[in-house]
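Scroll down for the structure; my scribbles are underneath it.
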2 protein chains.
Amino acid sequence: MSLIEATASKARRGSVGRLLLNPASVALIGVSNDPGKASGRPLAFLRRSGFAGTVYPINPNRPQVQGERAWSAVSALPEVPEHAFVMTPTDLVPDVVQECVAAGVGAVTVLADGFTEGGPAGAARIQRLRQVLNGSATRLVGPSSLGVVNLRNGMVLTANAVFGEPDPLVGDILVVSQSGSMIGALVSRGKALGIGFAALVSVGSELDLSVADIAAATLDDPGIRGYALFLESISDAPGLRRFAAAAVAADRPVVAYKLGRSSAGAELARSHTGALAGEEEVSAAFLSDCGIARVHTLDALMEATALARRVRPATRRRPPRVGVVTSTGGGAAMVVDQLGVLGIDVVQPSAETFATLASRCAPASTARIVDLTLNGARYEVMRPALDTLIEAREHDVLVVVLGSSARLEPEAATRPVIEVAGQGLPVAVFLAPHAPEAAALLTAAGVPVFRTPESCADALAAIFSRRFRDLAPAAPGREARPSTAPAATDEAGDEHTAYQVLDAIGVPRAATVVLDGYEVTDLPFGYPVVAKVLSAQIPHKTDVGGVVLGIGDAAGLRAAMAAIRASVARHRPDLAPPPILVEPMLTGLAEVLVGYRVDRQAGPIVLVAAGGELAEMFTDRSLRLAPVDLATARDMISEVRSLRVLAGYRGRPPADSEALAQAIANLSNLALDSKVVELEINPLLVGGMGQGVIAVDALVRMQDTAPGVTSEEGVSS
Amino acid sequence: MSLIEATASKARRGSVGRLLLNPASVALIGVSNDPGKASGRPLAFLRRSGFAGTVYPINPNRPQVQGERAWSAVSALPEVPEHAFVMTPTDLVPDVVQECVAAGVGAVTVLADGFTEGGPAGAARIQRLRQVLNGSATRLVGPSSLGVVNLRNGMVLTANAVFGEPDPLVGDILVVSQSGSMIGALVSRGKALGIGFAALVSVGSELDLSVADIAAATLDDPGIRGYALFLESISDAPGLRRFAAAAVAADRPVVAYKLGRSSAGAELARSHTGALAGEEEVSAAFLSDCGIARVHTLDALMEATALARRVRPATRRRPPRVGVVTSTGGGAAMVVDQLGVLGIDVVQPSAETFATLASRCAPASTARIVDLTLNGARYEVMRPALDTLIEAREHDVLVVVLGSSARLEPEAATRPVIEVAGQGLPVAVFLAPHAPEAAALLTAAGVPVFRTPESCADALAAIFSRRFRDLAPAAPGREARPSTAPAATDEAGDEHTAYQVLDAIGVPRAATVVLDGYEVTDLPFGYPVVAKVLSAQIPHKTDVGGVVLGIGDAAGLRAAMAAIRASVARHRPDLAPPPILVEPMLTGLAEVLVGYRVDRQAGPIVLVAAGGELAEMFTDRSLRLAPVDLATARDMISEVRSLRVLAGYRGRPPADSEALAQAIANLSNLALDSKVVELEINPLLVGGMGQGVIAVDALVRMQDTAPGVTSEEGVSS
C-alpha cells in the first residue's frame, strides 16, 4: 500500500479521537513474551479486559508471544492496524515509526524515552522522528508516553502496572496527563473516591499530539463529559485555548491541576522594571481566561468535575454567593474557613428566608450557616431547609455538610440532597466523616461530593474563578511562542517610538521635545521639566545616569543634558552621544504600571500593577489574556490591592479609575493588530476624577521579522 | 459521705486524667431506656465495647434501663462513681451536678447545651454551675460536651452515634476537640487512614476543664504518645502554653487544626495605626511559639503526629533541608511543588552524594529530587539510595514518594523505608496511588505516611515551623486576658509617658520639649522641628490636625502651636488647650513599626512591621510571644518582606538592622516586669550601619488596676 493510499484509507477511517481510543485494530510492536515485563503487560491487559478489536503482537524474534501468534513487522500484517503501541528500545523507534507511517497506521503511541531527555543523541532522534512524521497523516502520542487507556472498551494500551487490576471504575471523564505515572495514581485514587474515568492518556513529550490536541480529538466522543488535565507546563497555549473554548461550547467542564506553582518564575529578562509577571502567574491567568477550573488539591482534580458541570463559566469573575446548610457545625466551619482563606465569603440567608426556615425546619440560629444540628439528619428537616434555600434564590451554589448520619445511614442522609440536586441551584456535598457509601450514592446521582474541606473549597474557588471570554484568536505572530523560538530577535524601540504607539492606541502621554544637539530651544511646555536619555539601546535609563528630574529653567536643562551625556558616555562608550527627551514634570494621585506583552507561553497578555518598590515586592498585580474590555479592565484594577488608594484611601481624593480602565483596554487592543510584542508604561500617572491619565515613561519592543510560520502549523483537532 | 471526706477520698483515687479516661466506675445520669436515643447510647456502647468498670445507670423514673438495674440518684449508689456522664435536660443540670459535687464524684461530663449559647437564662445557669463547682474538687467537662471516649478500655462515654461501630482502631493519640461532632468525624477518618486514637474528648464550653487542662491531665498516661487538637479558638492560652511545654519535655508532639484562619480578625480598637495583628495572626504565632504543629489540612491533623514525633521542635524556625527520593517523578513533583508554595525548598544532594548514588543505584539524573524511576520499586535500588542519603547527612528530613509499586506490591515497596526509618534521619512517605495496604504497613512500623501531597507538605511545614522556647511564665496581670475581662479599663498614656517607658527599657527616642503655654523657648535642638499635640485623650493626632511637620524657625513653631490648638479645639471641644510636644525633624533609611501588647488571647506579644500604608495593606509583619532574644528579633526582621530594604535594596545603603533587633528585644522585655499593656512605636527610624535607631512617635497604655485575680486561678493539671 502506498503512502497516498494509506492516507486516503485513514481519512475514511475517521478522527484521531477514534483512532486513539476506539481503534478496530491495534499492533503491539516490541511486545514481550513475559506478561510481567513492562513491554509484556499491554497484551496481557488487553486480553484480561476483553478488548474486542483485533490485536497484532509484533516481535521479529518469536513466532508466538504469550501464547498468541506474533508477526515479524507491521508490513507483514494482513491489514493496516489503526493504532500501534511502540515498545521497542529507544534506538529502534524512528525506524519503527517510519514503518508505521509507510503502512498508513493512523495513530502511533511511543513508550520509549531518551528523546527530549537524551542530550545530543536525543535531539538527533527527535529530528529524525519529525522528518518521519512530516507530511504524513499518522499522528503520534509521545515519545515517553506510558500509554493510552480506554476503560470503556478494554483498550488498555499501557505499560502502567496499575491497569492490570480487575474491575476498573468506568466513568465519563477523560484524563490527559503530562506525567505518565499519574495516570496510574489517578485511576487508583479515583476508584477509592468512587470516581470513574472514561479514558486516560499519558501524552509524554508531545512531539506531535499535545494535551490540547488529544483532548480536542475526543470532543465528538459522546461518552466523555468532562476533562481532567494533569499539567507540568502549558505546552500548546493556542491549541489549549481553542480546545477549552470548544469544551465550553459543548458544556464539558475542564479541570486542571498544574505543577509549577512554586517556581518563582523567570522574569522577562529585558523588562523595564522586572515587575512583569512570572510563568506561574501567566499560566494561572491563562487557564482562568480559557474557562478552565484550575485546582490546587489533587482530590479536587477528580472531585471538581461534577460541580463544574453544573456551573457555567462566567464572562467575568465574581465571588460566588455560597450558602451552607449543615447537620454538623464543626464540619461546616471547616468549609467556611477554607472558603474564606480563598476569598469566598459564605452568604447568610436573608431574614425573610430565615423566617421561612424557622417555620419549616427550625435551624439552630440566625447565622451565616444554616445549622440544623443533629436534626438535619432527618429527611423532614433537611428537605424543607434545602427547598427553602433553593426557592429563595439568594445563592449561586449550596454546600450541604453532612455529619455522622452520612456514615451511619447513608441512604437517608443523602436522599434530600439527591432529590433537590436537579432543581436549578447547584448543590455540592462535603462529608465530615469518612462515608464512602454516601459518597457513592451521591456520585451515582450526579451530585458533586467532596471528602475534604480543602478540596471542597478549592473546587468551588476554581470553578467560580473561570472567566471565559470568547476571545478572537490572536493574529499570526502574536500567538504564544514556544521556547524553541525565543523573541530575542525582537527590536527594542526608544521611548519616543513607545510614545508613538501610545498615540496610535489612544493612551495619553506626556508632551515631548527631542533635543539632538546642545542647544535648548523654546519648549512648548513650561518648566519644571524632566530630561532623559533617548536610546533604544538603554532600556534602564536611571542605571546609566540617564535621567534628571525637576529642571527649573533653560540653564538647568542645558546642564542636565551635558551631565546625562557625560554619564552615558562613561557607562556606554560604545554609543554615539544620544538625543535627549524633554518632558514636563508631572504628578498624579497614583502611579500605575500597565504592561502588554506577547507571552511565550500564553500569547498576548495585559498586566496592571502599582508602581513603586513595595508593590513589586508583594507581587501585587492583575493579569488577563488580551484584549480586555472596559468591564474586565475595571476588574483588573480592583484586583490590585495597592490600587485601593485610587478610591481615596485615608482621606485622599479619589482618582480617575475610569480613565485608567480605558487606558488598560486600549493597550490590550495591541493584541488585535500590531507588531508590538511588548509595551510597558511605567508609570502611568492617574489624576483626580475626570482628569484622566498620562504616561510619563514607556518601553516598547517590536516584532522584528515578518509574520511567518507560527505554532499553528501542524495543529488540528 | 461529707464533702470533705469525698474530696479526701478522691485525692487518693488519683489524677483528673485517670478519672476522665480510666474511672473504676461511671454513672450515666439521665440514661434512656431506648439505646437508639442520644441519652440511651452510652449504656449500649459501654456494654458493646466491654468496659470493665462498674456502670451505674441512673434514672429516677425507671427501676430498669435497657435491661439493667437503674438507680434513682447518685446519692442512692453503693459507692461514689468516679466519673458521671450527665445527660439530663438543660434545666436539671445544675442540680444534678450539685448532687455529684456533694457526693464527691471526681469528674462530671455534661452533655446538655443551653449554657454559653442560651442568652440570659444560659448565663444564669452558668453562674449557678460555677457556684456549684466553686471550692469543690469535682472537675467538669462541658457543658455541651458530646462526651469522653477511651478506645483502649471501652470507656465509650458519648452520645455520638459513630462510636457504636464495632472494631475501632486503637492508637496512641489523644484527640481533644472544641467541636463535638468532630470526634466522630475524626475517628471514622482516622480509621480510613489506618490511624488509631487512644482517646477522644469533646470539651464543650470549657466552663471548668479547658482543652489544655484535659490534655495536660493525660501527660502521665503511658498509652498516649501524641495530641491532636481540634480548635475553634484559643480558650486558655496560659494553660495551653504550660501544657505544650510539658509535652515538649515529655517528647509528645502536639498537632493542632484551628478554625478562624479566614476571619479578618478584629484589629485592636484603640490601636494607633490599625496595623497591629488580628486574632488569626496572633494565634498562629502563639501555637508556633508553644512548639505546637499547626496544620491547615484535616488529614494532616491525623497524619502529622508520626512525623512530629521524630522531629524535635527547634528554638528558632529554620526552613528544613528536605530531600526527596522517588520512583515516580509526577508524584514527587506534586510534593516538591506544594512544599515550594509553603516556602520550603527541596535540597539537592551534593555532587559527592550523587556520585555515590550513581555507583550504588543509578538515579535518573543529577537533579533536585533523586528520581530512581521505576527501578526505585526494587529493594536493591531503593535501599542503597536511602542509605546513601542518610549517611550523607545533608538533609533534615527525607520524603520518599512511592508509585504504583506501593499499591501492587506493598510489602516489597515499603520494606526499604521501614528498615531505615529508625536510622537517625526522619523519613516520611507520600503515596502517589491509593495504597491502603502500604499505608497500614508503614503506620504499623511507625513510619509517617501521607496520602495527599497537600497534607504531606502541610505537615512538614507545620512541624518545622515550631519554634519552642522555654519562656518564663508571664507575671500576674500580663497573662492573656479572657474576653470576659476586657482591657478597656487600661489607661492610655500620652506620648511623653510612652517616651519615658522607652527610656526605661533602653530604646532611643527623639529629644523633646513640652511647651505648655504660647511662648517658644530656646530649644535644646535645632530646626527644623515637628510639633504635636500632647494628650492621652488623642491617640490619633493627625485625625484632629494635631501634627505639623518641617517647622523652620521659632515663628513657624509659634504659628504651628496656634494652628494645632485651634484645630484640636474644633475637633475636641471637651478638652482644655493641650500642651505641645516639640521634637527635631528626623529621617532614617527606613521606618519600622515595633509594637508590644498583652494580647487578650495569647498574653504578651511583640510585633514588627514596616511603617507606611502599603505594608499595612499587605499584612506584612512578624509576631512572637514576648520576650524575645536578639536572635529571634533578627528572625522577625527577616520575616517582614518590606524590610528587605534594610539590607540595601536597589543600591540604597544598608541600614542598622542590629540596632533594630536590639530595640525589638528591649521592647519585648516589657513582658518580664512592667505595667505596660501596650506600647507601639510608629515609626522607629532606622539609620545607616552603626547609626542606630530612634523612635519619633509612640503610644502607650498602662495597666489601670493592681494585679488581682488572673486566669491562672482554678487551673491545675
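The values are calculated or read from the model by the stated rules, or taken from the named source; none is laboratory data. Note that the structure is predicted; figures quoted are calculated from it, not measured. Cβ coordinates were reconstructed from backbone atoms using ideal geometry, including for glycine residues, and neighbour counts include every protein chain displayed. Surface areas here come from the heavy atoms of the whole protein model, side chains and all, with no ligands, DNA or RNA. Shrake-Rupley method; radii C 1.70, N 1.55, O 1.52, S 1.80 Å.
Points worth noting:
- Exclusive hit being open to solvent by 40 Å² or more (accessible area, probe 1.4 Å) and within 24 Å of A:ALA38 (Cβ to Cβ), set A:PRO81, A:PRO60: A:PRO60
- Scanning the stretch B:380-396 for residues that are within 19 Å of B:PRO363 (Cβ to Cβ) and either touching a strand residue (DSSP E or B) at 6+ places or on another chain (Cβ under 6 Å) or not in a helix (DSSP H, G or I) (or both) gives B:ALA385, B:LEU389, B:ARG393, B:GLU394, B:HIS395.
- Against the list (1) at pLDDT 90 or above; (2) open to solvent by 20 Å² or more (accessible area, probe 1.4 Å); (3) under 29 Å from the mean Cα position of the chain (by Cα), the condition A:ARG469 fails is (1).
- Selection count, the stretch A:652-676, where residues are at pLDDT 90 or above and acidic (Asp, Glu): 2
- Cross-chain or 6+ apart pairs with Cβ under 7 Å, the stretch B:429-442 first and more than 12 Å from B:GLY403 (Cα to Cα), then among the charged types (D, E, K, R) and part of a loop (DSSP other than H, G, I, E, B): B:ALA439/B:ARG451
- Meeting the requirement of 2 or more residues that are open to solvent by less than 20 Å² (accessible area, probe 1.4 Å), the strands (runs of 3 or more DSSP E) wholly within the stretch A:488-547 are A:529-533.
- The number of residues in the stretch B:169-211 that are open to solvent by 10 Å² or more (accessible area, probe 1.4 Å), within 13 Å of chain A (Cβ to nearest Cβ) and assigned to a loop (DSSP other than H, G, I, E, B) comes to 6.
- Residue that is modelled with the highest pLDDT [pool: residues in the stretch A:138-152 that are under 21 Å from A:ILE126 (Cα atoms) and surrounded by fewer than 24 Cβ atoms within 10 Å (Cβ to Cβ)]: A:ARG139
- The stretch B:212-234: number of residues that are more than 21 Å from B:ARG312 (Cα to Cα) and surrounded by fewer than 21 Cβ atoms within 10 Å (Cβ to Cβ): 2
- Residue list for the stretch B:94-120, restricted to those being away from every other protein chain (no Cβ under 14 Å), at pLDDT below 95 and open to solvent by 50 Å² or more (accessible area, probe 1.4 Å): B:PRO120
- Residue that is hydrophobic (A, V, I, L, M, F, W, C), under 19 Å from the mean Cα position of the chain (by Cα) and on the phi < 0 side of the Ramachandran plot, where the choices are B:LEU630, B:LEU581, B:LEU607: B:LEU607
- In the set A:ARG600, A:ARG572, A:ARG624, only one residue is within 21 Å of A:SER535 (Cα to Cα) and away from chain B (no Cβ under 14 Å); that residue is A:ARG572.
- Looking only at the stretch A:212-233, and only at residues there that are within 14 Å of another protein chain (Cβ to nearest Cβ) and within 22 Å of A:LEU129 (Cβ to Cβ), the one that is farthest from the chain's Cα centre (by Cα): A:GLU232
- Filtered residue count, the stretch A:612-628, keeping only those that are in a helix (DSSP H, G or I) and either open to solvent by 20 Å² or more (accessible area, probe 1.4 Å) or at pLDDT 90 or above (or both): 3
- Candidate set from the stretch B:22-57 (those that are free of Cβ contacts under 8 Å to residues at least 40 places away in the same chain and farther than 23 Å from B:GLU165 by Cβ); member that is surrounded by the fewest Cβ atoms within 10 Å (Cβ to Cβ): B:THR54
Per-residue answers, yes or no, for (1) assigned to a helix (DSSP H, G or I); (2) of a type in the set (Ser, Thr, Tyr); (3) at pLDDT below 95; (4) in contact with a strand residue (DSSP E or B) (Cβ under 7 Å, 6 or more places away or on another chain):
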site: B:ALA428; (1), (2), (3), (4): no, no, no, yes
site: B:PRO433; (1), (2), (3), (4): no, no, no, no
site: B:CYS456; (1), (2), (3), (4): yes, no, no, yes
site: B:ALA462; (1), (2), (3), (4): yes, no, no, yes
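- Pairs with Cβ under 6 Å, 6+ apart, first in the stretch B:118-132 and over 15 Å from B:VAL97 (Cα atoms), second at pLDDT below 95: B:GLY122/B:GLY114; B:GLY122/B:PHE115
- Neighbours by Cβ (under 9 Å, 6+ apart or cross-chain): first from the stretch B:294-321, more than 20 Å from B:PHE430 (Cβ to Cβ); second open to solvent by 40 Å² or more (accessible area, probe 1.4 Å): B:ARG312/B:ASP251; B:THR315/B:ASP470; B:ARG317/B:GLU639; B:ARG318/B:ASP396
- Of all residues in the stretch A:398-414 being away from every other protein chain (no Cβ under 14 Å) and open to solvent by less than 10 Å² (accessible area, probe 1.4 Å), the one that is farthest from A:HIS434 (Cα to Cα): A:LEU398
- Matching residues, the stretch A:133-157, being more than 27 Å from the chain's Cα centre (by Cα) and either within 13 Å of chain B (Cβ to nearest Cβ) or under 27 Å from A:GLY53 (Cα atoms) (or both): A:LEU133, A:SER136, A:ALA137, A:THR138, A:ARG152, A:ASN153, A:GLY154, A:MET155, A:VAL156, A:LEU157
- Which listed residue is of a type outside the set (S, T, N, Q), surrounded by 16 or more Cβ atoms within 10 Å (Cβ to Cβ), under 28 Å from B:PRO584 (Cα atoms) and within 14 Å of chain A (Cβ to nearest Cβ), from B:LEU679, B:LEU685, B:LEU670, B:LEU643: B:LEU643
- Pairing residues of the stretch B:336-361 that are more than 9 Å from chain A (Cβ to nearest Cβ) and open to solvent by 40 Å² or more (accessible area, probe 1.4 Å) with residues that are modelled with pLDDT under 90 and in a loop (DSSP other than H, G, I, E, B), at Cβ distances under 7 Å and at least 6 apart in sequence or on separate chains, gives B:GLN348/B:ALA367; B:GLN348/B:ARG368.
- Test for B:ALA124: is it under 21 Å from B:ASP299 (Cα atoms) and more than 14 Å from chain A (Cβ to nearest Cβ): no
- Yes/no for A:ARG451 being within 11 Å of another protein chain (Cβ to nearest Cβ), open to solvent by 10 Å² or more (accessible area, probe 1.4 Å) and out of contact with any Cys (no Cβ under 7 Å at 6 or more places or on another chain): yes
- Some residue of the stretch A:246-261 being assigned to a strand (DSSP E or B), crowded, with 23+ Cβ neighbours inside 10 Å, modelled with pLDDT of 80 or more and more than 14 Å from chain B (Cβ to nearest Cβ): yes
- If you filter the stretch A:362-375 down to residues that are in contact with a Leu (Cβ under 8 Å, 6 or more places away or on another chain) and within 14 Å of chain B (Cβ to nearest Cβ), you find that the one that is most open to solvent (accessible area, probe 1.4 Å) is A:ALA364.
- Test for A:ARG600: is it basic (Lys, Arg), surrounded by 17 or more Cβ atoms within 10 Å (Cβ to Cβ) and in contact (Cβ under 8 Å) with a residue 60 or more places away in the chain: yes
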